[in-house]
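Comments concern the structure below.
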Amino acid sequence: KQMAHVEAIILSMTPQERRKPDLIKASRKTRIAKGCGLSVSEVNKLLVQFEDMKKMMKQMANGNFKMPF
């Protein structure tokens, strides 16, 4: 179910927004949320998760990754 939500959010984005998530501001988040039938908070949550994963992957590539526990 969670994966279906993620897929719906991503499919509601334009190709440009998929390539550069930094472009997504409030009005675009509202449009994406309406397009996928979810709330803006769900879109925000996905974008935050994406940024967190991006940071973690960068740390792993640099060899500076430390487990949070």
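Let me confirm something: among Lys1, Lys34, which residue is out of contact with any strand residue (DSSP E or B) (no Cβ under 6 Å at 6 or more places or on another chain), at pLDDT 95 or above and basic (Lys, Arg)? Write out each step before concluding.
Working: Lys1 fails: at pLDDT 95 or above.
Selected residue: Lys34, the only one of Lys1, Lys34 that is out of contact with any strand residue (DSSP E or B) (no Cβ under 6 Å at 6 or more places or on another chain), at pLDDT 95 or above and basic (Lys, Arg).
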Please enumerate the residues belonging to region 47-69 that are at pLDDT 85 or above and either loosely packed, with under 11 Cβ neighbours inside 10 Å or farther than 14 Å from Ala26 by Cα (or both).
-> Val48, Gln49, Phe50, Glu51, Asp52, Met53, Lys54, Lys55, Met56, Met57, Lys58
Criterion (exposed (fewer than 12 other Cβ atoms within 10 Å of the Cβ) and polar (S, T, N, Q)) met by exactly one of Ser12, Ser27 | Ser27
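The values are calculated or read from the model by the stated rules, or taken from the named source; none is laboratory data. Computed from a predicted model, the values in this text were never measured in an experiment. Note that we place each Cβ from the backbone using ideal geometry, even for glycine, and neighbour counts take in every protein chain shown.
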